Amino acid sequence: MTDAPQITDEVRDGVMWITFQRPQARNALTFGMYERLAELCKTMPTDGSIRAVVISGAGGKSFAAGTDMTQFRAFESEQDALDYEGQIDAVLDAVERCPLPTIAAINGACTGGGGSIAAACDIRIASASLKFGFPIGRTLGNCLAAANLARLSELIGAGRVREMIFTARLMEAEEALATGLVSEVLQDEGALMNRAAELAERVGSMAPLTLRATKEALRRNRVATSVNDDDLIISCYMSDDFRIGMEAFLGKTKPKWTGK
C-alpha cells in the first residue's frame, strides 16, 4: 500500500462515489482494494442518507485492469489459489448484496477483476472508449471461478463468454451495448460521469425495498445450484503455465504455454 488511498469513497448529494485510485497501474486491483470495496458494500447505510452507489476508476484510461499480478508471486500452495478465488467470490458477492443500487461507470479498460466487479453491479454504463474482457488465455493462464462465469453468462450469454475467453479479445462499446452488457454508451468520460450522476439520482428516488427485493431475488435465482470448482482452480493456479504466464506478463514477453 502507498500513502495515498488506492480506493476512495465520497458522498455527494446522497450518492456514494467509489473510485479506484491507481491510475499509474491502470487501476490494477490489490488485495487491499478488493477488501475495501467489499467493506464499503457490506456497511452501506440503509437509513436514507445514501440512496445509490457509483463505482468508477481514476485517471481517464481504465475502470480497472484486473488483479495486480505481482501479488501472485507469493502463491505456493493449492490453498493459496482456493483462498484467492474465494476472496474474489466474497468481494463480488458483497457488491451484489449491497443494499443500495450500484452503477458501474466504465471508462476505458475494464478487464479481469475489473470486469467481474462491473458485472456484479446492478447497472453498467460506459464511454465510447470501453474495452471489456478477460484475456487470461493470452496473459496469465488462470481461470474464472464457476460463480463468476455464471454471472457473466447471465448478462451476455454463455456462448459469448466462452468465445471472449477462448479468443482473449476485448469487447468494445458498440458490441457491449448491443449485447446488453451496458445499458448506455456516452461520448466521453465527462458525459459518462454526468450521466452516472443523473442515473444515480433517478434510481435513488425509487422505493428502496422494491429495489432491494429485486436485487436479492435475482441473485437467489442465479445461485440456486452451487458448483464445486476447486479442482479446476487448482489445475490452473498450480500449473507451470500459470508461472510462465505471470512472469511473461510482468516481463513484457510472450508466454510459451506447455499445457502442464
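All of the numbers you see were taken from the coordinates with simple rules; none came from a lab. Computed from a predicted structure; not experimentally measured. For neighbour counting, all protein chains shown are included, and Cβ atoms are generated from backbone atoms with ideal geometry for every residue, glycine included.
Structural remarks
- Residue check for Val95: closer than 28 Å to Arg212 by Cα, outside any helix (DSSP H, G or I) and either touching a strand residue (DSSP E or B) at 6+ places or on another chain (Cβ under 8 Å) or not small (Gly, Ala, Ser) (or both): no
- The residues of region 51-66 that are among the aliphatic types (A, V, I, L, M) and buried (at least 20 other Cβ atoms within 10 Å of the Cβ), listed by number, are Ala52, Val53, Val54, Ile55, Ala64, Ala65.
- Looking across region 37-73 at every residue that is in a helix (DSSP H, G or I) and farther than 15 Å from Glu96 by Cα, the one that is nearest to the chain's Cα centre (by Cα) is identified as Met69.
- In the set (1) surrounded by fewer than 18 Cβ atoms within 10 Å (Cβ to Cβ); (2) assigned to a loop (DSSP other than H, G, I, E, B); (3) of a type in the set (S, T, N, Q), the condition left unmet by Gln87 is number (2).
- Where Thr225 falls short, out of the listed (1) assigned to a helix (DSSP H, G or I); (2) free of Cβ contacts under 8 Å to residues at least 60 places away in the same chain: (1)
- Unmet requirement for Met171, which otherwise passes all of (1) touching a residue at least 24 places away in the same chain (Cβ under 8 Å); (2) under 19 Å from Thr102 (Cα atoms): (2)
- Every residue from region 168-222 that is farther than 17 Å from Ala128 by Cβ and outside any helix (DSSP H, G or I): Ala168, Arg169, Gly180, Ser205, Met206, Ala207
- When we screen Leu209, Leu218 for residues that are surrounded by 11 or more Cβ atoms within 10 Å (Cβ to Cβ) and closer than 30 Å to Thr46 by Cα, the only hit is Leu218.
- When residues of region 221-246 are limited to those that are loosely packed, with under 13 Cβ neighbours inside 10 Å and among the polar types (S, T, N, Q), the one farthest from Phe75 (Cα to Cα): Asn221
Okay, residues lined up against (1) surrounded by fewer than 22 Cβ atoms within 10 Å (Cβ to Cβ); (2) among the aliphatic types (A, V, I, L, M); (3) touching a residue at least 40 places away in the same chain (Cβ under 8 Å):
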{"site": "Thr70", "(1), (2), (3)": "yes, no, yes"}
{"site": "Ala74", "(1), (2), (3)": "yes, yes, no"}
{"site": "Glu78", "(1), (2), (3)": "yes, no, yes"}
{"site": "Val91", "(1), (2), (3)": "no, yes, yes"}
{"site": "Ala94", "(1), (2), (3)": "yes, yes, yes"}
{"site": "Arg97", "(1), (2), (3)": "yes, no, yes"}
{"site": "Ile106", "(1), (2), (3)": "no, yes, yes"}
{"site": "Ala109", "(1), (2), (3)": "no, yes, yes"}
{"site": "Ile117", "(1), (2), (3)": "no, yes, yes"}
